[in-house]
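S.K.: Handing you this structure, nothing more for now.
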Amino acid sequence: MLFIQLKDLFKSYGAIKALDGLNLNVPKGTLYGLLGPNGAGKSTALRIICTLLEPDTGEVKVAGRDALIYQKETRRGLGYVAQEVAIDKILTGRELLQLQADLYHLSKTYKNQRIEELIQRLEMKSWIDRRCGSFSGGMKRRLDLAAGLLHKPELLILDEPTVGLDIESRSVIWGLLKELRDEETTILLSSHYLEEVDELADEMAIIDNGKVIAEGKPDDLKRDLGGDRVTLRVREFSDEYEAESVRNILIEVPGVTNVVVNKKQGYSLNLVVRSQNVISELSHYLSKANFEVFALAHSRPSLDDVYLQATGKTLMDAELELAGTRDFKLEKKKSMR
């Protein structure tokens, strides 16, 4: 059964197209990961699902109902933890949870019971009665997550929940999310941390430029790549001509299914190989052409490889590209003033 259905979502902010025909189907009771660089459209999609933003066009269904029409009913059934934490600095952590519970109209008995349960599950007991203004980033994020879970929502939506957190806070949050998934809470998790989506998600989608470009189970997506990854250099920094010459040699090696020249990393070569036995053959073929292996790294397929296959660039390259675009637009605005 599908719990979230997004069909042909478009959303623009002036000349910027945030969503470009986004389609997404999230099964009930799964932890579903959205992976993509900052600026890919993830936060916009989440805000639309939460009824905080309307698309220009498209359909949004949550729990079988039209979320664009039945907005109040949709909000009652979800918990939303935004990317930016907004917590009152004067209240203590417990007082903030009590206020949030009152806004949900929870009974006094249930409210106190639920607050204590979440304090235990998120390991907040030692500091929950301090003022929120004294909390670290990890403490604030745990408290924010607890506030979103007070009413036991059917759907939990998390936008970059562990950005900038310490290892302890990240571990606690990961542990709780796994427990909630086992309790069949539907969780939609947006992240640009590869290891987070790989560790937590039952299913996932990669979003780039406002649309889904790959989706499925993380292990299936990695398996579909068809082999291990090898990064190879014949010298510390090659030029384009030499890299293309080496590429033409390597593509002829039996068991090598793909060779890509990575211009942004000193013209290194990224290979896909069907087995580890192929690796020993690489040096042999290169030696016959008077090339020697300067450096070689071998790894199993990762989600970054999935992203590379789908977009032609790594997730880090995409982040840098988007950051450069934002900086350029900012400088352009300043120059027009």
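The values are calculated or read from the model by the stated rules, or taken from the named source; none is laboratory data. Values in this document were obtained by computation on a predicted structure and should not be read as measured data. With ideal geometry, Cβ positions are generated from the backbone for all residues, glycine too; neighbour counts draw on all protein chains shown.
S.K.: What is the number of the single condition among (1) in contact with a strand residue (DSSP E or B) (Cβ under 7 Å, 6 or more places away or on another chain); (2) farther than 25 Å from D20 by Cα; (3) of a type in the set (D, E) that E203 does not meet?
M.R.: Going through (1) in contact with a strand residue (DSSP E or B) (Cβ under 7 Å, 6 or more places away or on another chain); (2) farther than 25 Å from D20 by Cα; (3) of a type in the set (D, E) one by one, E203 breaks only (2).
S.K.: A further question follows. Go through (1) touching a residue at least 24 places away in the same chain (Cβ under 8 Å); (2) surrounded by 18 or more Cβ atoms within 10 Å (Cβ to Cβ); (3) not acidic (D, E) for A67 and report which single condition fails.
M.R.: Failing condition for A67: (1).
S.K.: Among the numbered conditions (1) modelled with pLDDT of 90 or more; (2) assigned to a helix (DSSP H, G or I), tell me where I207 comes up short.
M.R.: In the conditions (1) modelled with pLDDT of 90 or more; (2) assigned to a helix (DSSP H, G or I), I207 misses (2) alone.
S.K.: Under 28 Å from the mean Cα position of the chain (by Cα), surrounded by 13 or more Cβ atoms within 10 Å (Cβ to Cβ) and either among the hydrophobic types (A, V, I, L, M, F, W, C) or within 30 Å of L176 (Cα to Cα) (or both): is that true of G210 in this structure?
M.R.: Yes.
S.K.: Hey, another quick one. Give the residue, chosen from L143, L106, L156, L122, that is assigned by TED's automatic domain parsing to the domain that holds I48, more than 24 Å from the chain's Cα centre (by Cα) and at negative phi.
M.R.: L106 is the lone residue from the list that is assigned by TED's automatic domain parsing to the domain that holds I48, more than 24 Å from the chain's Cα centre (by Cα) and at negative phi.
S.K.: Further, regarding this structure: Quick check on R114: is it buried (at least 19 other Cβ atoms within 10 Å of the Cβ), at pLDDT 95 or above and either outside the structural domain of T44 (by TED's automatic domain parsing) or of a type in the set (K, R) (or both)?
M.R.: yes
S.K.: Here's another thing I want to ask about it. Quick check, is E215 closer than 20 Å to Y32 by Cβ, of a type in the set (D, E, K, R), in a helix (DSSP H, G or I) and not assigned by TED's automatic domain parsing to the domain that holds F291?
M.R.: No, not satisfied.
S.K.: Could I ask something else about it? Give all pairs with beta carbons closer than 7 Å in which a residue from segment 153-164 that is more than 19 Å from A40 (Cα to Cα) meets a residue that is assigned to a strand (DSSP E or B) and not aliphatic (A, V, I, L, M); count only pairs at least 6 apart in sequence or on separate chains.
M.R.: That search, which allows pairs on different chains as well, returns P153/G79; E154/T186; L155/F3; L155/T186; L156/G79.
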